[in-house]
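The structure under discussion appears below in the form of structure tokens.
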Amino acid sequence: MATGASGRGLLPFLRLLGQLKRVPRTGWVYRNVAKPESVSDHMYRMAVMALVTEDKSLNKDRCIRLALVHDMAECIVGDIAPADNISKEEKHRREEAAMQQLTQLLSEDLRKEIYELWEEYENQSTAEAKFVKQLDQCEMILQAFEYEELENTPGRLQDFYDSTAGKFVHTELLQLVSLINTERNKKIAATSHPHS
């Protein structure tokens, strides 16, 4: 970790990053989920999902790093959701400026490493970036399933599932999504037919 004269930006960097603990995921807020997760919560589970992949063709360390960096800009710009009606180009522009602002606080090597990881994810330029993008979506539907369970409202968050339809191609994630859907469908069926 950077310390001394060259590390003066470390404390402001970490404090900005700490905002991610207090930025709720917008999609859940818009759907009136009680106690919605933070961006930090989401990124943490994504990083763990990357950690437990058994795909030897992927650079696991890189996947974990990509998961930790992919939403970092949201500590400055907030969690911009599709419902906000902000174009992909404008969202990218805002997040790019935020990443430049954020990484300027770090040493040149760290600045380059973190910014390049963010760009790799944004550009979907590697197998690892594509895998982490699928993790992003998979973690979201897993969270939707958990909210439906916690609130005892099976099926209420269907639009989150609909938004990911056909987006999973990685074998491990296809299996995980299948398990989530099976469990979820049992709960929906039990609610629809409580006495069967």
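The values are calculated or read from the model by the stated rules, or taken from the named source; none is laboratory data. As the structure is a prediction and not an experimental result, all values here were calculated from the model. Cβ: placed from backbone, ideal geometry, glycine included. Neighbour counts: every protein chain shown. Note: areas computed on protein heavy atoms with side chains; ligands, DNA, RNA excluded. Shrake-Rupley method; radii C 1.70, N 1.55, O 1.52, S 1.80 Å.
Quick notes on this structure:
- Filter result for LEU16 (part of a helix (DSSP H, G or I), buried (at least 16 other Cβ atoms within 10 Å of the Cβ) and in contact with a strand residue (DSSP E or B) (Cβ under 9 Å, 6 or more places away or on another chain)): no
- Here ALA81 passes the criteria (1) in contact (Cβ under 8 Å) with a residue 60 or more places away in the chain; (2) touching a Gly at 6+ places or on another chain (Cβ under 7 Å) except the one numbered (1).
- Residue satisfying all of: in segment 68-95; of a type in the set (D, E, K, R) and surrounded by 15 or more Cβ atoms within 10 Å (Cβ to Cβ); farthest from GLU119 (Cα to Cα) among these: ASP79
- Residue satisfying condition, being buried (at least 18 other Cβ atoms within 10 Å of the Cβ), at pLDDT 95 or above, more than 28 Å from GLU148 (Cα to Cα) and touching an Asp or Glu at 6+ places or on another chain (Cβ under 9 Å), within set ARG25, ARG65: ARG65
- The set of residues from segment 37-57 being touching a residue at least 60 places away in the same chain (Cβ under 8 Å), within 26 Å of LEU102 (Cβ to Cβ) and not in a helix (DSSP H, G or I) comprises just one member, GLU37.
- Pair list, Cβ under 6 Å, 6 or more apart: segment 119-138 residue more than 16 Å from VAL52 (Cβ to Cβ), other residue assigned to a helix (DSSP H, G or I) and among the acidic types (Asp, Glu): THR126/GLU120; ALA129/GLU120
- For GLY155, the conditions (1) on the phi > 0 side of the Ramachandran plot; (2) within 18 Å of the chain's Cα centre (by Cα) all hold with the exception of (2).
- Selected residue (criterion: least open to solvent (accessible area, probe 1.4 Å)) from residues of segment 33-60 that are acidic (Asp, Glu) and over 17 Å from the mean Cα position of the chain (by Cα): ASP55
- So GLU120, is it open to solvent by less than 70 Å² (accessible area, probe 1.4 Å), touching a Leu at 6+ places or on another chain (Cβ under 8 Å) and assigned to a helix (DSSP H, G or I): yes
- Tallying residues that are assigned to a loop (DSSP other than H, G, I, E, B), open to solvent by less than 40 Å² (accessible area, probe 1.4 Å) and of a type in the set (A, V, I, L, M, F, W, C) within segment 149-184 yields 2.
Conditions (1) under 12 Å from the mean Cα position of the chain (by Cα); (2) over 30 Å from GLY7 (Cα atoms), marked per residue:
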residue	(1), (2)
GLU113	no, no
TRP118	no, no
GLU122	no, no
ALA127	no, yes
GLN137	yes, yes
LEU142	yes, yes
PHE145	no, yes
